[in-house]
1. When the residues of the range 62-115 are filtered to those that are crowded, with 18+ Cβ neighbours inside 10 Å, of a type in the set (Val, Ile, Thr) and closer than 30 Å to Gly217 by Cα, which remaining residue is modelled with the lowest pLDDT?
2. Report yes if some residue within the range 186-195 is without any contact (Cβ under 8 Å) to a residue 24 or more places away in the chain, more than 22 Å from the chain's Cα centre (by Cα) and not in a strand (DSSP E or B); otherwise report no.
3. Which residues, taken from the range 220-242, are in contact (Cβ under 8 Å) with a residue 40 or more places away in the chain and surrounded by fewer than 20 Cβ atoms within 10 Å (Cβ to Cβ)?
4. Quick one: which strands (runs of 3 or more DSSP E) sit completely within the range 15-119 and have at least 1 residues that are under 22 Å from the mean Cα position of the chain (by Cα) and over 30 Å from Val187 (Cα atoms)?
5. May I ask you to verify whether Ser38 is out of contact with any Lys or Arg (no Cβ under 7 Å at 6 or more places or on another chain), surrounded by 14 or more Cβ atoms within 10 Å (Cβ to Cβ) and of a type outside the set (A, V, I, L, M, F, W, C)?
6. Among the residues of the range 120-141, which ones are in contact (Cβ under 8 Å) with a residue 24 or more places away in the chain and over 15 Å from the mean Cα position of the chain (by Cα)?
7. Show the residue pairs meeting these rules: Cβ distance below 8 Å; 6+ apart or different chains; first residue within the range 244-262 and under 25 Å from Asn162 (Cα atoms); second residue hydroxyl-bearing (Ser, Thr, Tyr) and assigned to a loop (DSSP other than H, G, I, E, B).
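The values are calculated or read from the model by the stated rules, or taken from the named source; none is laboratory data. Just so you know, these numbers come straight off a predicted model, no measurement behind them. Positions of Cβ are backbone-derived with ideal geometry, glycine not excepted, and every protein chain shown enters the neighbour counts.
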Amino acid sequence: MKIINLPTDLLRTFVTVVEVEGFTKAADILGRTQPAISLQVQRLEQLVGHKLILRVGKNVSLTEQGESLTVYARQILRLNDIAIARFEPRNKGEVIRVGLPLDYAVNLLQEKLTEIIIKHPELRIEIRCDLSRNLIELLRKNEIDIAVALFEGNDQQFLFQNWTEQPTWVGAQKFTPNVDQEIPLVVHPHGCVYRERMITALKLAGLRWRIAFSSPGIGALQKAVSDGLGLSCLTEPTLQKNMVSYSIKDELPALEPLHIGLFARQAQLGSEGYVIIDQIENTFSNKLNY
């Protein structure tokens, strides 16, 4: 059987086109002409024997085979870049911009990134916290390099790794939910995936609800729940000891699972970025027992 080798330069071009959603932008980043980028993608398609990218005008989209190859291409480039970094000096002074979500394990992730900063003082890490949908938009605008964000499960543009976790209804030990009355909710502002999950589930179940407390910060939300202001939905990393979990046994509707994504602009990440990515992956693997 003939073994086909996938050249890393073709894979890097392919991933860059996927990340910036265009051949011209990819050409600018990689320092090539747009026709050269097109030829490299065509060469890769010939090697794998499948169409990978569909072009409609200036818009590009991935085929099913393209989505599959994206996963493997990122892994191959990661190993390549880490291996090369062993023989090259670090690019000191370059800032790595990291986005963390307000609505998912921000304290846990911030703690782990602080450990990296202490262990690797030569790295310059800039942390920004925001709603998940805002972080993905910042990634698209090239205002951050790495992000952890909740997403709908179908975003392949910058997706590096993903996990799923089941949210649960939570309240204070002294709080008793009553589905026959308006259910007071403790939520993040509009745009939060948790908020959307709760309201959608209650609407589908025909239950009444009202916003009792809203805050962009997870600490304020956790305190509001603990104080008994209302119900919220959280996942295991953000639960606290004085909270009680509720389920369909308490006549509350089931909540849809959450998709947690690790996103990165891998085309310009550099070896230093993988130090952060490794820590985030290890954090989730240990916390979620994957």
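1. So, considering only residues that are crowded, with 18+ Cβ neighbours inside 10 Å, of a type in the set (Val, Ile, Thr) and closer than 30 Å to Gly217 by Cα, the one modelled with the lowest pLDDT is Val106.
2. Within the range 186-195, none of the residues are without any contact (Cβ under 8 Å) to a residue 24 or more places away in the chain, more than 22 Å from the chain's Cα centre (by Cα) and not in a strand (DSSP E or B).
3. First, pick out the residues of the range 220-242 that are in contact (Cβ under 8 Å) with a residue 40 or more places away in the chain: 225-239, 242.
Of everything in the range 220-242, those that are in contact (Cβ under 8 Å) with a residue 40 or more places away in the chain and surrounded by fewer than 20 Cβ atoms within 10 Å (Cβ to Cβ) turn out to be Ser226, Asp227, Gly228, Leu229, Glu236, Pro237, Leu239, Asn242.
4. Values: elements: 53-56, 59-62, 95-101.
Once the strands (runs of 3 or more DSSP E) in the range 15-119 are filtered for at least 1 residues that are under 22 Å from the mean Cα position of the chain (by Cα) and over 30 Å from Val187 (Cα atoms), what remains is 59-62, 95-101.
5. Yes; evaluated as a whole, the condition is true for this residue.
6. If the condition is that a residue be in contact (Cβ under 8 Å) with a residue 24 or more places away in the chain and over 15 Å from the mean Cα position of the chain (by Cα), then His120, Glu122, Leu123, Arg124, Ile125, Glu126 are the ones that fit.
7. Pairs that qualify, where the first residue is under 25 Å from Asn162 (Cα atoms) and the partner is hydroxyl-bearing (Ser, Thr, Tyr) and assigned to a loop (DSSP other than H, G, I, E, B), are Ala254/Ser247; Leu258/Tyr104; Leu258/Thr235; Ile260/Tyr104.
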